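What follows is one structure encoded as C-alpha cells, with my remarks underneath.
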Amino acid sequence: MRRLLDSPVPPRCVARKSPDDIVHDALEKILLGESQPGRGRKLKAKHRESMDAFVQSVRAIINSNLSNTIRSFEARCPHVSLGDTDTEAGTAKMPEPLNFAGQMERHDLQRELFSRLELVVQKEPALAPVIRHWQENFHVADRIAGPEFDINLVYRVRQHAQRICRDLAREIGTSEVTGMEMLL
C-alpha cells in the first residue's frame, strides 16, 4: 500500500479494493498457481521454506499487482499539464466552469420558442416535420434542418423563429435584438 500512496496516480485506480482485498487477490493467485500455473503464480521451493520467505513472496506479488494497476491506469489516463495550448505544446486549457444560469435561460428560451412554433404548426401543418426535427436536434445540431427537408420549408421555419425571437425580445424589453441570436 505504501507503493500506491507514494505514486502520483490518484488512489481511485484501486478505489474499489480494500487492503484486505489486495492481499486476498495475491493469495488467490498463489493458490491458482498450484492447480493452474497459467492463471496464477507458482511459488518456488525456496519461498515455501519459511514463513518469512512466504511473506516476502506475497509482498512481491502485491507490489507487482499494484505496479501493473498503476501502469495501466497511467496508460489509460495520461497526465497533461495545464497551460496555454497555443504557446505551450503538450498542455491543456482549464475547462470553463459550468454556467447553470445560462443553461436554464437557454432551456427556457427553447421551451418558449417551440411552444410558439407549435401554434404556427396549427396554421401551417407542412412545417411540422422541420420543426420536430429541429426540436429533437436543438442542442446537437448547428442548423435548423439538413438537406433532407425542402429548403422553402426550412426558410419559413427560420422566418417564424426570427419573428418569435423578436417578439420575445420586445416582451423582455432588451434593445437592438435582431432575432438572429438564437439561430447563431
Requested in this report: With the condition kept exactly as written, say whether any residue in region 122-144 is surrounded by 10 or more Cβ atoms within 10 Å (Cβ to Cβ) and either at pLDDT below 75 or not assigned by TED's automatic domain parsing to the domain that holds ARG166 (or both).
Outcome: yes
Requested in this report: Looking at (1) outside any helix (DSSP H, G or I); (2) surrounded by 10 or more Cβ atoms within 10 Å (Cβ to Cβ), find the lone condition where ASP86 falls short.
Outcome: (2)
**Report entry** Members of region 15-74 found to be assigned to a loop (DSSP other than H, G, I, E, B) and of a type in the set (Gly, Ala, Ser), listed by number
**Finding:** ALA15, SER18, GLY38, GLY40, SER50
Query raised in the report: ARG116: without any contact (Cβ under 8 Å) to a residue 24 or more places away in the chain, in a helix (DSSP H, G or I) and assigned by TED's automatic domain parsing to the domain that holds ASN152, yes or no?
Result: no
Query raised in the report: Is it the case that some residue within region 92-101 is touching a residue at least 24 places away in the same chain (Cβ under 8 Å), within 24 Å of the chain's Cα centre (by Cα) and part of a helix (DSSP H, G or I)?
Result: no
Query raised in the report: Is it the case that some residue within region 47-54 is surrounded by 12 or more Cβ atoms within 10 Å (Cβ to Cβ) and touching a residue at least 60 places away in the same chain (Cβ under 8 Å)?
Result: no
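The values are calculated or read from the model by the stated rules, or taken from the named source; none is laboratory data. Quick caveat, the model's predicted, so the values are computed rather than measured. No Cβ is skipped: glycine too gets one built from the backbone with ideal geometry, and neighbour counts run over all protein chains shown.
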